[in-house]
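Colleague: Provided herewith is a single structure, encoded as structure tokens, for subsequent inquiry.
Values in this text are rule-based calculations from the coordinates and carry no lab data. Remember, predicted model here, so these are calculated numbers, not experimental data. Every residue, glycine among them, receives a Cβ derived from its backbone with ideal geometry; neighbour counts consider all protein chains shown.
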Amino acid sequence: MDLSSVRLVATDMDGTLLNSKGEVSTNFYSLFEELKALDVTFVAASGRQYYSIIKKLAPIQDDIIVIAENGALTMQGDITLQSTAIDRDTYLELLDLTRGLEGSQVILCGRKKGYIEDYGTDFTTFFSEFYDRYEIVADLATVTDDEYLKIAICNQKGSEKYLYPKLKHLENRLKVKVSGEVWLDLSHHAADKGNALQQVQQRLGILPEETMVFGDYNNDLEMMGAASYSFAMANAHPNILKAARYRTKSNDEMGVEYRLQQLIAAKKG
């Protein structure tokens, strides 16, 4: 594995760059500065809200590209590189469908902020880890002054068992992604991390053979296919372990940093 040609690194956040406490290691920032000096572009690619991502990566937010909401939004500083939303009619259809899912909470992921109805203090506290800007509204159907980037559904019993079977019939026209143990996301059929990353590659003139990616869950599958150097975390979903060409240590063992150190060594020769 010769990493010396790598010019772009893209990594998922939860379960990948972030440890189990949702933290970025201090070691990562020193590695980032070395990558920056070596002219390697860094992309944070997450199902999280854009504002949540840049809060987690505040020290470097002006020096990175952010793919947010599972690829529905790509930002570089204050510049929107792409935004892929669903239309209002589709949003209302999905809202009617998902509201009836027992034991689940529905979130509208807008461009400006996230929106939830009042599901109680415990859920709001949990939800606010992933959404830095949000509003509690009486009725999600009344939100009109925003883009509908994604609908996220949370079920604490498990998204793969309790949500996906009831929503997989939508896959013929939408992206239906189990994006975490308790999360399932519905978005535009063209909105995924792989498509968003390919647009970044085209913009920068960077090839898949010059790209390194890290991921752990099903919303990272398309991104695995956009890079020759695709790494599954040791804690990854079986689908990611199968799709990735390589593996690294778990997120709690700083698996991303472990491989970034190898990348830096290869670039320095």
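Colleague: Just to verify a number: FRET efficiency for residue 19 and residue 203, C-beta to C-beta distance, R0 = 45 Å, to 0.05? Write down the numbers at each step before the final one.
Modeller: Values: r = 31 Å, r/R0 = 0.69.
Given R0 = 45 Å and the Cβ-Cβ separation, E is 0.90.
Colleague: Given the C-alpha centroids of region 1-65 and region 127-195, what is the distance between them in whole angstrom?
Modeller: 24
Colleague: Please report, in debye to the nearest 20, how large the charge dipole of the chain is about its Cα centre when each Lys and Arg carries +1 at its beta carbon and each Asp and Glu carries -1 there. Could the numbers behind the result be given before it?
Modeller: On the way: 29 positive and 39 negative charges, 136 e Å.
The calculation lands at about 660 debye.
Colleague: Please state the charge dipole magnitude for region 165-269, taken about the Cα centre, from unit charges on C-beta atoms (+1 on K and R, -1 on D and E), reported in debye and rounded to the nearest 20.
Modeller: On the way: 14 positive and 12 negative charges, 39 e Å.
With Lys and Arg at +1 and Asp and Glu at -1, about 180 debye.
Colleague: What FRET efficiency would be calculated for the residue pair residue 79, residue 129, taking the C-beta separation as r and a Förster radius of 35 Å, to the nearest 0.05? The partial results should precede the final answer.
Modeller: Details: r = 27 Å, r/R0 = 0.76.
E between residue 79 and residue 129, to the nearest 0.05, is 0.85.
Colleague: May I ask you to compute the full-extension gain from residue 63 to residue 92, defined as 0.36 nm times their residue separation minus their alpha-carbon distance, rounded to one decimal in nm?
Modeller: Working: separation 29, 0.36 × 29 = 10.44 nm, distance 3.68 nm.
Between residue 63 and residue 92, full extension yields an extra 6.8 nm.
Colleague: Once the piece of chain linking residue 161 and residue 142 is laid out straight, how much longer is it, given 0.36 nm per residue of separation minus the C-alpha distance between them? Spell out each step's value before the answer.
Modeller: Numbers: separation 19, 0.36 × 19 = 6.84 nm, distance 3.02 nm.
Taking 0.36 nm per residue and subtracting the Cα distance, the gain is 3.8 nm.
Colleague: For region 140-196, which trypsin sites (Lys or Arg not before Pro) are both in a DSSP coil and crowded by at most 12 other Cβ atoms within 10 Å?
Modeller: Values: sites: 150, 157, 161, 166, 168, 173, 175, 177, 193; in loops: 157, 173.
Here the sparse-neighbourhood loop sites are 157, 173.
Colleague: Sticking with this structure for a sec: Need one word for region 88-188: rounded, prolate or oblate. Basis is the Cα gyration tensor (sqrt eigenvalues a ≥ b ≥ c); a/c below 1.5 gives rounded, then a/b vs b/c decides. Don't jump to the answer; show the numbers that get you there.
Modeller: Numbers: a/c = 1.61, a/b = 1.12, b/c = 1.44.
Because a/c hits 1.5 or more and a/b fails to exceed b/c, region 88-188 counts as oblate.
Colleague: Follow-up. Pairs of Cα atoms under 8 Å, at least six residues apart: use those to get the relative contact order of the chain, whole percent.
Modeller: Numbers: 548 pairs, mean separation 58.5, N = 269.
About 22 percent, as a whole number.
Colleague: Return the long-range amide H neighbours of residue 130 (sequence gap of 5 or more, or a different chain), with a cut-off of under 5 Å between placed amide H atoms.
Modeller: The answer is none.
Colleague: When only Cα pairs under 8 Å and 6 or more residues apart are kept, what is the percent relative contact order across region 104-211? Show your work: numbers first, answer last.
Modeller: On the way: 146 pairs, mean separation 24.7, N = 108.
Averaging sequence separation for qualifying contacts and normalising by length gives 23 percent for region 104-211.
Colleague: Moving to a separate point now. More than 23 angstrom separation, counting every C-alpha pair in the chain; what % is that?
Modeller: Working: 17658 of 36046 pairs.
In whole percent, the long-distance tail amounts to 49.
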